[in-house]
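Encoded as structure tokens, the structure appears first; notes follow it.
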Amino acid sequence: MKKIETKLEGCFILEPLKLGDKRGYFFESFNERTFQELTGTETHFVQDNQSFSTKGVLRGLHAQEGEHAQAKLVRVLQGRVLDIMVDARPNSATFGQYEAVELSDENNLQVFIPRGFLHGFVVLSDAATFFYKCDNFYHKASEWGIHYNDPTLAIDWQLPEDELIISDKDKVLPFWEK
């Protein structure tokens with residue numbers, strides 16, 4: 001596995017070593033020892049989540065705060081998404097900045113998102129299956145988020161506004177004032 005730095009402090013793209021021949025391919029998608037050596041973290045994942053969405057579905061920008069904050073390792077099993085990470089850690093050198101990475105079943109890239117980051121994605125293909133590991137359990141009362149179309153962040157979601165499918169919950173998230 002190869003680690004690719006992002007511009008965000010503590011956030012990494014991981015590229016697996018994919019072995020293939022006429023029968024298909026094989027790659028190790030996760031190995032805790034390798035992951036911890038590459039990232040320099042002691043992250044221990046406790047929950048796996050999976051979602052299926054159609055083109056234009058935008059999920060985000062979400063996080064959990066306090067003792068229930070979550071680090072995530074995200075990837076796409078089927079389809080293609082634009083994955084967005086926003087550094088929401090006030091004491092970070094990259095506070096308020098975001099990174100966009102295209103994840104797909106073809107590139108098999110994964111993104112490690114540390115605790116204290118907002119996260120979201122939009123589906124660019126006809127459909128996508130999104131998979132992520134979390135290092136802390138879901139806790140509804142600790143959930144928070146920022147509006148996907150926050151003018152301060154000015155995220156290019158790569159699809160026209162009228163093609164985005166957004167939950168009622170995400171439509172009313174507050175805007176971020178840094």
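So here's what we get for this one:
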{"item": "Candidate set from the range 73-100 (those that are more than 13 Å from the chain's Cα centre (by Cα) and of a type in the set (Ser, Thr, Tyr)); member that is nearest to THR54 (Cα to Cα)", "result": "THR94"}
{"item": "Lone qualifier among ASP150, ASP156 - being assigned to a loop (DSSP other than H, G, I, E, B), among the acidic types (Asp, Glu) and buried (at least 16 other Cβ atoms within 10 Å of the Cβ)", "result": "ASP150"}
{"item": "Residue match in the range 54-72 (condition: part of a strand (DSSP E or B), under 15 Å from the mean Cα position of the chain (by Cα), farther than 18 Å from GLY145 by Cα and modelled with pLDDT of 95 or more)", "result": "no"}
{"item": "Some residue of the range 13-26 being within 21 Å of LEU173 (Cβ to Cβ) and assigned to a strand (DSSP E or B)", "result": "no"}
{"item": "Some residue of the range 126-146 being in a strand (DSSP E or B), at pLDDT 95 or above, surrounded by 16 or more Cβ atoms within 10 Å (Cβ to Cβ) and of a type in the set (Val, Ile, Thr)", "result": "yes"}
{"item": "Cβ pairs under 7 Å, 6+ apart, first in the range 69-95 and farther than 16 Å from THR39 by Cβ and touching a residue at least 60 places away in the same chain (Cβ under 8 Å), second among the hydroxyl-bearing types (Ser, Thr, Tyr) and crowded, with 19+ Cβ neighbours inside 10 Å", "result": "ILE84/TYR98; VAL86/TYR98"}
{"item": "Sole residue being aliphatic (A, V, I, L, M), under 26 Å from GLY20 (Cα atoms) and crowded, with 17+ Cβ neighbours inside 10 Å, chosen from VAL101, VAL123, VAL86", "result": "VAL101"}
{"item": "Residue that is in contact (Cβ under 8 Å) with a residue 24 or more places away in the chain and farther than 19 Å from THR6 by Cβ, where the choices are PRO174, PRO160, PRO114", "result": "PRO174"}
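The values are calculated or read from the model by the stated rules, or taken from the named source; none is laboratory data. Every value quoted in this text rests on a predicted model; they were computed, and no experiment measured them. Cβ: placed from backbone, ideal geometry, glycine included. Neighbour counts: every protein chain shown.
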